[in-house]
Amino acid sequence: MVGVSFGCLLANFKLSLAQSVIFPSKHIAMALESGDTPHLYMLQTFSYFISFLFLDSCSCMSFNPETRRLSMGMENGTISEFILSEDYNKMTPAQTYQAHQGRVTVVLFVLEMEWVLSTGQDKNFTWHCSESGTQLGLYRTTAWVSGLQFDVETRHAFVGDYSGQVTILKLELDSCSLVTTFKGHTGNVTALCWDPVQRVLFSGSSDHSIIMWDIGGRKGTAIELQGHNEKVQGLCYAPHSRQLISCSSDGGIVIWNMDVTRQETPEWLDSDSCQKCEQPFFWNFKQMWDSKKIGLRQHHCRKCGQAVCGKCSAKRSTIPLMGFEFEVRVCDSCHESITDEDRAPTATFHDSKHSIVYMHYEPTTGWLLTSGADKVVKLWDMTPVVS
């Protein structure tokens, strides 16, 4: 991995991994298998630490380091909570929630509210009181939820689903209201990440793209980031350096510099002929007949959004401030206007050498955990690139 020093290889599991998380205070990681037994591993010594067996298969988890509360979502729809001892050698049952009718897909404990938020394959988003265990509210989503984030200050929940939609809900003690919905992805939402300081939401998708939604600006600004060749599997944000970390199933880890002024990609314009040479497109039969010319295929310049033919958009260029870290189609006039400074990259690219299915970043240590489809968990020291 160029620019990233390799920490250590934690384990080689026999079962597929569902999730992994770093416990910052003790340098311990929990790797959750898709089967019955989560495992704890000491990161510093590369030694097996302890394992726990559950009556039902675990599907997801959330850990709060301040309370050492571990929330485990189960395949049968329940959520089991445990308090880990200070030496991480014991788990004491704390609460059980009958949350869903099917597999729990995401679970999130909010300490400030004493709420447990969760989503399931039953397309329900629920929140429970962690003190009493009672359900406070429920919202029915249009599709299976695959991402969940929460803003404590405004009590807004951000819900991403398999239709490619992001829904914003305002949560109250026993009810919720729909604020708005965003639809910018052509594939399903695979990951969400919220920055409460800058008040921006990042969403990753199976369409290989990342979108930064400027929630705090209240202008509907959406910035695209194109830096992966396959499905985006995870997003983490480093607030101290304003860098976004993304990973995908192609094994790529991308570090995005978000401390730059980025530009929105333009909307694609509609036209029956090339907006540069005025040659007709192939569906414009009248102009084709009048000019006795063969219709051309329509393309779009990624910088200006104009509808152009292939001859007028034969050149390619990166446009990093628009999120295009790979070369994309641009029209001839836009290509001439792009300077070397405009092409300066705003992201660095690294190869994890395995197909990533999940990742977790711990900012206090600068460590990144990746779980792969190869049933391997890897630990990376990110301090050389996340300063």
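The values are calculated or read from the model by the stated rules, or taken from the named source; none is laboratory data. None of the values given here were measured: they were computed from a predicted structure. Please note: Cβ atoms are built from the backbone with ideal geometry, for glycine as well, and neighbour counts cover all protein chains shown. Side chains included, ligands, DNA and RNA excluded: accessible areas come from the protein's heavy atoms. Shrake-Rupley method; radii C 1.70, N 1.55, O 1.52, S 1.80 Å.
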Exercise for review: Could you please tell me the mean projected area of the C-alpha convex hull for the range 74-136, averaged over all directions and given in square nanometres to one decimal?
Suggested key: 4.4 nm²
Point to revise | Spatial extent of the range 231-331: Rg and Dmax, with the Cα atoms as the point set, Å | key: 18.7, 62
Point to revise | Average accessible surface area per residue within the range 55-184, 1.4 Å rolling probe, Å² | key: 42 Å²
Practice item. Pop the C-beta distance of ALA344 and THR142 into the FRET formula with R0 = 51 Å and round what comes out to the nearest 0.05. Key: 0.80
Exercise for review: Would you mind checking the pairs LYS303/LYS375; LYS293/LYS315; LYS123/LYS231; LYS231/LYS315; LYS303/LYS378; LYS170/LYS353 and listing those with alpha carbons more than 32 angstrom apart?
Suggested key: LYS303/LYS375; LYS303/LYS378; LYS170/LYS353
Exercise for review: Mind giving me the FRET efficiency for THR180 and THR221? R0 is 22 Å, r the Cβ-Cβ distance, nearest 0.05 is fine.
Suggested key: 0.95
**Study point:** Inverse of mean 1/r across different Cα pairs in the chain, Kirkwood, Å
**Key:** 22.6 Å
**Study point:** Among SER205, SER20, SER313, residue whose mean-square fluctuation peaks in a GNM of the chain (springs only between Cα atoms under 10 Å)
**Key:** SER313
Exercise for review: Mind telling me which of LEU148, LEU296, LEU138 comes out most flexible in a GNM of the chain, alpha-carbon contacts under 10 Å?
Suggested key: LEU296
Check your understanding: So, with a 1.4 angstrom probe, what is the percent of accessible area on the chain that is carbon and sulfur?
Key -> 50 percent
**Study point:** Cα gyration tensor shape for the range 257-387, rounded if a/c is under 1.5, else prolate or oblate
**Key:** prolate
Study note, to complete from the structure: Calc'd 3J(HN,Hα), the range 178-189, phi into Karplus 6.51 cos²θ - 1.76 cosθ + 1.60 (θ = phi - 60°), Hz, glycine/Pro = x, comes to 6, 8, 6, 10, 10, 9, x, 9, 8, x, 6, 6
